[in-house]
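Chemist: Here it is, the structure in full.
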Amino acid sequence: MADATISGGLPQGRGAKTASPGGPMLAADGTPLRASLARSLRRQKMRALLLIAPLLLFILVTFVMPIGDMLFRSVENHIVADTLPRTVAALRDDPSEVPGEPVFRAMAEDLQVAVEEKTHTQLGTRLNYESSGMSSLLRGTGRDVKGMGEDVAKAVTGLDDAWEEPGTWVALLADPAWVQTQAEWAAADDKSPEPAFAASAAATERLPRTVEAYQAFAHVTQADDGDSVTEEEPWNLAYVALADDLRADPGAAEAFEGDNRARLDALSAAVADGTVPAVSYRDMFVESDDAWGEPGTWSVLRTFSSRFTPGYYLNAVDLKLGPNGIEMREPKDRIYLQLFVRTLVMSLVITGTCILLGYPIAFLLANLPERTANLLMILVLLPFWTSLLVRTSAWKVLLQQQGVINDILVWLGIVGDGNRLALINNQTGTIIAMTHILLPFMILPLYSVMKGIPKSYVRAAKSLGANDWTAFWRVYFPQSVPGIGAGSILCFILAIGYYITPELVGGTKGVFISNRIAYHISDSLNWGLAAALGTILLAVVMLLYWAYDRLVGIDNVKLGG
Amino acid sequence: MRITKLLGSAALALLPMAAPVLAQDAATELPPCDGCSDSMVIMSWGGAYQNSQLKAYVEPYQALTGITVTWDESSNEAIAKLRAAQEAGNMPYDLVDVEGPDSQRACDEGLAAEIDFDEALAPGSDGSSVEDDFGDSLINDCFVPQIYFSTTFGYRTDVAEWNGQTPDDICDIFDTATFPGKRSLQASPKKNLEWALVCDGVPADQVYDVLDTPEGVDRALAKLDTIKDDVIWWTAGAETPQLLADKEVVMGSTYNGRLFSVIAEEKQPVAMLWDYENFDFDGWIVPAGLDEARMNRVMHFLRFATDTQRLADQAKYIAYGPARASSQPLVSTHIDLGIEMAPFMPTNPDNMKNYLVNNIEWWSDHQDEVEAKFQAWLGQ
């Protein structure tokens, strides 16, 4: 503690200068005082850090990291580029509204891989957030993609049975070195996956599309299914690619030898004379679903092919990213702005009713004799200690149409039996239940501030001629304002993020933005949108806090006397 | 042979005392489980349904094998939990109970393992193959069916404003003039859209054709708009029974087993409106990527828990129909109340004069679009 006093109380630089004009001032052990001080300060800081380390770690792990993750999720958009890598690359080279054959071919490969890996449905779900209909489009075409190019495959295998043999393809396309390693792997009979397929130089040069299509097939077969390419017949896509390669390069067979050459020569001839039909992926896609021929579909893919996107944030404020920039959503799809406004307004109303109801009680508590005040305090704290769910459910019993309150009103003849008041499953229900639940958060800070206001002030005011009201309004009330501030901040910030009470008593009109967040987390699984909504909510709260600090000053807020 | 066997089982099922006998019976046919883990985490729905599973086959299985079973009651958000677990790379669940459409979603997204039914499940006690015995309930490669249930309506029988009339037509839901009062409907487009279209004049077998058209969903929502102000929306199956019992609603949709509880167990003045009940399946999925020991245990359990007798046993605790055809003749009486379960079964011919079957393929294709549309409609 002595070190702290020195460092806090005595600016060491100036102290050393005045005390020792000749050399550095020395501590008792002969080291320069400055160094000795710095060391002990450092030690102290370390000790302080160690003391708070558990809390710091806890906050980092449970608070900062999740928030970081949330921020990341709200902009991250890897799924399109990860699921359709070839399409995204091909789209970059093709600026036309509805792209040409290379993009459709890339799409066919990507989609075939995605279907095997079962990722196309997730992609559809993701893109559906931006444009309704993408989900069913990708699911539907996902089912059709396996059959695409079937007539080509049939024609090729009809020409020569050997094309049905997996070995034929391996012999044609594989790198001899890979064949060697594969054979060793097969002989070793271990359970590790087959060595990744590698194509020969000749195949890569003369049959580029075939190699690309086959590589995709090989990757899925080996890595995802754990099978061997030597035992699986390739997808139809590979047959189409081979036919396309031979159409583009009829002499490709010359780069190969033996059986391969003979088969390719035969196939080349068949491709040339039309025995093996030419097919267009574009036609096959459009046949699967007309939407593939429409510019809208492709502009969605193009717009959301980047790895990061503002899409979720735009969505969270009822905007969308169209081909011509940012635009409003259709009126019937707009819900979030309205929800944000409703959340803010209702939180304000709830805070207001808390002040109205809480202030007199806190005043009573602070001014009654100790024994009565304690009893009242227990009445305030008892609901505070009761489970939130129990209290909310109790409100359901009280407020419903056949509930206690309506029954009493009907019995008293205030309302007719036919038109009982709707007090629940609407905004009224949310306001009543949440006011009750948040009331202690208003009363407690108010009480502790009022407790600290000396009674003599009001007596002095009265003795100087003020009537009761003036004494209260001019003397007492201003001193209790910091308590109102603290209570309001607590109530408002708690209210704005409330979830369970609006969910239970709010119906459809009395729910908050947090209910929508919960819905997107657990039902619709749109975690990106949930993250964006959460981030906006966080930003709004911080903005309001900042505004409050500017207007009222956070120093004026007191949580205790 | 077959008939004596059936009669024998039925007779045993009538006696509560028969439980240990059955267990012994099963012990002889339960093969040992080699290389199996000795515990399971099962996700289910909680409540009466989970209890029926516990009594009908989980407790008997535990008695035979001595493994521990931990329940996780979060099936209503099963897909979210499975996806989160898969992202985290740590799958805490061994077996998950889901409705048919969710199984489709899990299967499509690779969250659930594909199962070879012929190998994994027991053939029917009447000798029928797995495929024949389960029939239409084998909706995809991941889903092991347990029961079929229907979503249907219950109504209060003591509403004075109705002047002695009772609803017997699904479209009475939309008739607020003859049947005034609040209704409770599920806060989900599923089933509500189908009913709305049926009551908007669409023949039942064309409901999904109409929904498939661009204006189909709007048409259904427009029909729902006519009663929107009279609807309390529920998210948990227990809400409608509660609302009916509290007189908060005069009619409402929920799962038929819940209504059975209100009528038969709670003895509330509530009756069932079976018109156009909407069938759906509930069953097991196995999370993808379990290690071998856990997988062995789960498959061992599944074979036992979905055999003919076990599925029939489940109907003693809850009014849902067993998914196996061979279990149907074994359905008898409620274990505590002693009443015949057949009149409460959704598959009773009297109850299925008009019915809809939830089109899982259509819904899994269009769920994302329609759900977003419906939620926006609901929020406005």
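The values are calculated or read from the model by the stated rules, or taken from the named source; none is laboratory data. Predicted model only: the values in this text are computed from it and were never measured. When we count neighbours, we look across all protein chains shown, and the Cβ atoms used for this are built from the backbone with ideal geometry, even at glycine.
Chemist: Collect the residues in the range A:494-528 that are among the aliphatic types (A, V, I, L, M) and touching a residue at least 40 places away in the same chain (Cβ under 8 Å), keeping them in residue-number order.
Modeler: Correct list: A:Leu494, A:Ala495, A:Ile496, A:Ile500, A:Leu504, A:Val505, A:Val511, A:Ile513, A:Leu525.
Chemist: Check the range A:490-501 and report whether any residue there is more than 14 Å from chain B (Cβ to nearest Cβ), crowded, with 16+ Cβ neighbours inside 10 Å and in contact with a Lys or Arg (Cβ under 8 Å, 6 or more places away or on another chain).
Modeler: Within the range A:490-501 (the criterion being more than 14 Å from chain B (Cβ to nearest Cβ), crowded, with 16+ Cβ neighbours inside 10 Å and in contact with a Lys or Arg (Cβ under 8 Å, 6 or more places away or on another chain)), the answer is no, since none of the residues qualifies.
Chemist: Return a yes/no flag: does the range A:135-155 have any residue that is within 14 Å of chain B (Cβ to nearest Cβ) and within 22 Å of the chain's Cα centre (by Cα).
Modeler: Yes; the residues of the range A:135-155 include at least one that is within 14 Å of chain B (Cβ to nearest Cβ) and within 22 Å of the chain's Cα centre (by Cα).
Chemist: If a residue has to be out of contact with any Gly (no Cβ under 6 Å at 6 or more places or on another chain), touching a residue at least 40 places away in the same chain (Cβ under 8 Å) and of a type in the set (A, V, I, L, M) to count, how many in the range B:245-283 make the cut?
Modeler: Residues in the range B:245-283 being out of contact with any Gly (no Cβ under 6 Å at 6 or more places or on another chain), touching a residue at least 40 places away in the same chain (Cβ under 8 Å) and of a type in the set (A, V, I, L, M): 7 in total.
Chemist: While we're on this one: For the range B:332-368: of the residues being free of Cβ contacts under 8 Å to residues at least 40 places away in the same chain and within 12 Å of chain A (Cβ to nearest Cβ), which is surrounded by the fewest Cβ atoms within 10 Å (Cβ to Cβ)?
Modeler: B:Asp365
Chemist: Take B:Met91 and tell me if it is within 29 Å of B:Trp363 (Cα to Cα), of a type in the set (A, V, I, L, M) and touching a Gly at 6+ places or on another chain (Cβ under 7 Å).
Modeler: yes
Chemist: Would you tally the residues in the range B:67-121 being within 12 Å of chain A (Cβ to nearest Cβ), surrounded by fewer than 22 Cβ atoms within 10 Å (Cβ to Cβ) and more than 15 Å from B:Ser44 (Cα to Cα)?
Modeler: 9
Chemist: Something else: Taking into account only those residues within the range A:389-422 that are surrounded by 12 or more Cβ atoms within 10 Å (Cβ to Cβ), in contact (Cβ under 8 Å) with a residue 40 or more places away in the chain and of a type outside the set (Phe, Trp, Tyr), which is nearest to the other protein chains (Cβ to nearest Cβ)?
Modeler: Step by step, filter the range A:389-422, then rank; the result is A:Lys396.
Chemist: Would you check if A:Pro102 is in a helix (DSSP H, G or I), surrounded by fewer than 22 Cβ atoms within 10 Å (Cβ to Cβ), out of contact with any strand residue (DSSP E or B) (no Cβ under 6 Å at 6 or more places or on another chain) and in the same structural domain as A:Ala291 (by TED's automatic domain parsing)?
Modeler: The answer is yes for A:Pro102.
Chemist: Separate question: If I ask for residues that are within 7 Å of chain B (Cβ to nearest Cβ) and assigned to a loop (DSSP other than H, G, I, E, B), which ones from the range A:117-134 would you list?
Modeler: A:Lys118, A:Ser132, A:Gly133
Chemist: Would a scan of the range A:337-345 turn up a residue that is more than 30 Å from A:Val300 (Cα to Cα) and more than 14 Å from chain B (Cβ to nearest Cβ)?
Modeler: yes
Chemist: Would you point out the residue of the range B:153-180, among those that are within 14 Å of chain A (Cβ to nearest Cβ) and touching a helix residue (DSSP H, G or I) at 6+ places or on another chain (Cβ under 7 Å), that is surrounded by the most Cβ atoms within 10 Å (Cβ to Cβ)?
Modeler: Result: B:Arg156.
Chemist: So which pairs qualify, if the first residue must be in the range A:308-321 and of a type in the set (Phe, Trp, Tyr), the second must be in a helix (DSSP H, G or I), the Cβ gap must be under 6 Å, and the two must be at least 6 apart or on different chains?
Modeler: Hits for this filter: A:Tyr312/A:Gly528; A:Tyr312/A:Leu529; A:Tyr312/A:Ala532; A:Tyr313/A:Ala532.
Chemist: Can we say B:Ser326 is more than 14 Å from chain A (Cβ to nearest Cβ), crowded, with 22+ Cβ neighbours inside 10 Å and among the polar types (S, T, N, Q)?
Modeler: For B:Ser326, the condition - more than 14 Å from chain A (Cβ to nearest Cβ), crowded, with 22+ Cβ neighbours inside 10 Å and among the polar types (S, T, N, Q) - is met.
Chemist: Let me ask you something else. Looking only at residues that are part of a helix (DSSP H, G or I) and polar (S, T, N, Q) in the range A:25-81, which one is farthest from B:Ala84 (Cα to Cα)?
Modeler: Going through the qualifying residues, I end up with A:Ser36.
Chemist: Check whether at least one residue in the range B:193-208 is charged (D, E, K, R) and within 25 Å of the chain's Cα centre (by Cα), and report yes or no.
Modeler: Yes.
Chemist: Consider A:Gly534 carefully, then state whether it is farther than 29 Å from A:Leu364 by Cα and within 14 Å of chain B (Cβ to nearest Cβ).
Modeler: Taking the combined requirement at face value, the residue does not satisfy it.
For every residue, the table says whether it meets (1) part of a strand (DSSP E or B); (2) within 15 Å of the chain's Cα centre (by Cα); (3) within 14 Å of chain A (Cβ to nearest Cβ).
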| site | (1), (2), (3) |
| --- | --- |
| B:Trp233 | yes, no, yes |
| B:Gly237 | no, yes, no |
| B:Leu243 | no, no, yes |
| B:Val249 | no, no, yes |
| B:Ser253 | yes, yes, no |
| B:Phe260 | no, yes, no |
| B:Ile263 | no, no, no |
| B:Ala271 | yes, no, no |
| B:Tyr276 | yes, no, no |
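Chemist: Here is a follow-up. Could you please give the count of residues in the range A:27-64 that are under 41 Å from the mean Cα position of the chain (by Cα), more than 30 Å from A:Gly534 (Cβ to Cβ) and not aliphatic (A, V, I, L, M)?
Modeler: 4
Chemist: Given the conditions (1) on the phi < 0 side of the Ramachandran plot; (2) crowded, with 17+ Cβ neighbours inside 10 Å, report the number of the one that A:Ser306 does not fulfil.
Modeler: All conditions are met except number (2).
Chemist: Here are A:Trp169, A:Trp163: which of them is in contact (Cβ under 8 Å) with a residue 24 or more places away in the chain, surrounded by 23 or more Cβ atoms within 10 Å (Cβ to Cβ) and either away from every other protein chain (no Cβ under 14 Å) or part of a helix (DSSP H, G or I) (or both)?
Modeler: A:Trp169
Chemist: If you don't mind, there's one more thing I want to ask. Regarding B:Gly283, is this residue more than 30 Å from A:Asn406 (Cβ to Cβ), in contact with a helix residue (DSSP H, G or I) (Cβ under 9 Å, 6 or more places away or on another chain) and at pLDDT 95 or above?
Modeler: yes
Chemist: What residue, among those in the range B:225-253 that are out of contact with any strand residue (DSSP E or B) (no Cβ under 7 Å at 6 or more places or on another chain) and among the hydroxyl-bearing types (Ser, Thr, Tyr), is surrounded by the fewest Cβ atoms within 10 Å (Cβ to Cβ)?
Modeler: So the residue we want is B:Thr235.
Chemist: Which residue, of A:Ile408, A:Ile424, A:Ile432, is under 28 Å from A:Leu490 (Cα atoms), part of a helix (DSSP H, G or I) and of a type outside the set (Gly, Ala, Ser)?
Modeler: A:Ile432
Chemist: If I ask for residues that are surrounded by fewer than 18 Cβ atoms within 10 Å (Cβ to Cβ) and more than 10 Å from every other protein chain (Cβ to nearest Cβ), which ones from the range B:369-380 would you list?
Modeler: None - no residue of the range B:369-380 is surrounded by fewer than 18 Cβ atoms within 10 Å (Cβ to Cβ) and more than 10 Å from every other protein chain (Cβ to nearest Cβ), so the list stays empty.
Chemist: Would you check if there is a residue in the range A:539-556 being assigned to a helix (DSSP H, G or I), within 14 Å of another protein chain (Cβ to nearest Cβ) and surrounded by 15 or more Cβ atoms within 10 Å (Cβ to Cβ)?
Modeler: No; the residues of the range A:539-556 include none that is assigned to a helix (DSSP H, G or I), within 14 Å of another protein chain (Cβ to nearest Cβ) and surrounded by 15 or more Cβ atoms within 10 Å (Cβ to Cβ).
Chemist: On to the next question. In the range A:53-90, how many residues are within 19 Å of A:Tyr313 (Cβ to Cβ) and of a type in the set (Ser, Thr, Tyr)?
Modeler: Looking only at that region, the number is 1.
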